[in-house]
Amino acid sequence: MSGRQVPRRAGFMQTIRAVLWSFVGIRKRRDYEADSAQLNPVAVIVAGIVAGVIFVLTLVLVVKFVLSQH
C-alpha cells in the first residue's frame, strides 16, 4: 500500500453548503481549501446553476406578490 491518502469526496449536502456560502461570499480560507480538495467540479456547477435558478425564481415571485398587493 502507498502512504498517500486519497481525499474523501464531498457529499451532496457539503456541495450545496459550499455553493450557498459562495453565494454569500463569506468563506474562511481553510474551508475553501478543504472544499477545493474534496468537491467535484461538475457537482459544484450543477448545484450553482440550480441555486441560481431558485434564487431568481424566488425574487420574481416576491416581486409579483408585492406588485399584486399594490
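Every number here is computed from the coordinates shown, using simple stated rules; none is lab data. Because the structure is predicted, anything quoted here is derived from the model rather than measured. Glycine gets a Cβ as well: all are built from the backbone with ideal geometry, and neighbour counts include every protein chain shown.
Some notes on this structure:
- Count of region 37-54 residues, restricted to those that are surrounded by 11 or more Cβ atoms within 10 Å (Cβ to Cβ) and either aromatic (Phe, Trp, Tyr) or over 12 Å from the mean Cα position of the chain (by Cα) (or both), is 2.
- Pairs linking a residue in region 25-38 that is outside any loop (DSSP other than H, G, I, E, B) to a residue that is surrounded by fewer than 11 Cβ atoms within 10 Å (Cβ to Cβ) and not small (Gly, Ala, Ser), with Cβ atoms under 8 Å and 6 or more positions apart or on different chains, are 37/7; 38/7; 38/8.
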